[in-house]
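Okay, so here's the structure we're looking at.
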Amino acid sequence: MPAVASVSAASYKASPLAPEMIVAAFGLNLASGVALAQSAILPTTLLGISIAVIDSAGVVRPAPLFFVSPGQINYLMPAGMPNGNATVTVSNGGNAIASGTVTIARVAPGIFAANATGQGVPAAVALRVKADGSLTYENISQIQGNAIVPAPIGLGPESEQVFLVLFATGARFNTGLSNVSVDIGGITAPVLYAGAQGSFVGLDQLNLRLPRTLIGKGLADLTATVDGQVTNKVQIRIQ
């Protein structure tokens, strides 16, 4: 049977994957066309295509689908998947057309990138809290030619605090904030929240405060570690 390879839709890492994370599956002739889910409640069939995930105990779970196309299917890893090996089977009209194996873990964190490659500027916003309590959201990326590049983040006077809101997947089942950390250019940033984003299925969110020791850092690599699992590397720029 033809192979299908499932990876994190954020980092494009293949293993492990986690329950309720957004997954991208790649293969050949997976669908006859392109179709997108049309509602917040994801369907389990699009253009006759469905995905079943079979865990190590033989339990079969249908996977909700974001979209299907001939070369790629984005799906939600079903809830309740136990740790261990699992089989992902793509079917068309109930007939299996491709299959692959994955490893399931409690967490498999990946940070989305603004350019959807898993590298470069993260999909994120900066939140500035001024001394009077007013809040402003700021872009951390900008278009330069044909590329998306980091926009400088200014940390402002000492009376202001700046937070970074990162969008991710595979991080929601962490065992607590004491086991979640973010490194920015060798400096640890305090993480205030790591869990479900709440509005978009499968999307997670990491909220962190940018410490003033980052001032003047310039272009800096950023990674998060969740229960010992390290994310893909992205980059931000600090003035």
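The values are calculated or read from the model by the stated rules, or taken from the named source; none is laboratory data. All of these numbers come straight from a predicted model, not from anything done at the bench. Neighbour counts are summed over all protein chains in view; Cβ atoms, including those assigned to glycine, are modelled from backbone coordinates with ideal geometry.
Table for the structure above
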read-out	value
In segment 40-72, the residues that are surrounded by 17 or more Cβ atoms within 10 Å (Cβ to Cβ) and small (Gly, Ala, Ser)	SER50, ALA52, ALA63, SER69
Segment 185-211 - residue that is among the β-branched types (Val, Ile, Thr) and under 18 Å from the mean Cα position of the chain (by Cα) and, of those, nearest to GLU158 (Cα to Cα)	VAL191
Number of the exception - SER39 against (1) touching a strand residue (DSSP E or B) at 6+ places or on another chain (Cβ under 8 Å); (2) under 25 Å from ARG172 (Cβ atoms)	(1)
Matching residues, segment 199-239, being in contact with a strand residue (DSSP E or B) (Cβ under 7 Å, 6 or more places away or on another chain) and of a type in the set (Asp, Glu)	ASP204, ASP221
Boolean, VAL165 is β-branched (Val, Ile, Thr), in the same structural domain as VAL121 (by TED's automatic domain parsing) and in contact with a Ser or Thr (Cβ under 8 Å, 6 or more places away or on another chain)	no
Unmet criterion (only one of (1) of a type in the set (A, V, I, L, M, F, W, C); (2) surrounded by 22 or more Cβ atoms within 10 Å (Cβ to Cβ); (3) out of contact with any Phe, Trp or Tyr (no Cβ under 8 Å at 6 or more places or on another chain); (4) within 23 Å of GLN229 (Cβ to Cβ)) for ALA14	(2)
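Quick grid of which residues meet (1) under 22 Å from ALA116 (Cβ atoms); (2) assigned to a strand (DSSP E or B):
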residue	(1), (2)
SER159	no, no
LEU166	yes, yes
ALA171	yes, no
VAL182	yes, yes
TYR193	no, yes
SER199	yes, no
ALA224	yes, yes
